[in-house]
Amino acid sequence: MLTDCYGQDIGNPNGWSGAPVFFVWGDDNKDHHLGFAGMIAHGSSHGGFMLYRAEDIRKFVNGAIKTPYPAPVAMPDSHGMV
């Protein structure tokens with residue numbers, strides 16, 4: 001939970017859905033880098049939100065890129081089942 005580490009009121013995240021989440025981190029050489037954690041999903045007026053993790057977004061996008069476009073359309077069989 002964000003407030004476990006941050007400790008301050010983040011306000012009302014309603015409307016934050018789709019916003020990217022970035023973070024700054026330092027390496028052993030004391031260089032700083034910008035990282036991408038994911039994207040906010042389902043921001044609510046109750047103060048909570050969910051996050052699509054960057055790893056999951058990468059897997060989905062890589063799978064979508066490997067899929068031929070347009071994707072083949074499933075055709076129903078003689079019983080109308082797809």
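The values are calculated or read from the model by the stated rules, or taken from the named source; none is laboratory data. Note that the coordinates shown come from a computational prediction; the quantities given were computed from them, not determined experimentally.
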| request: Sort out which residues of region 1-49 are modelled with pLDDT under 70 and not in a loop (DSSP other than H, G, I, E, B), and write them in order of number. | output: Leu2, Thr3, Asp4, Cys5, Tyr6
| task | Being at pLDDT 85 or above and part of a helix (DSSP H, G or I) narrows it down to one of Ile57, Ile65, so name that one. | result | Ile57
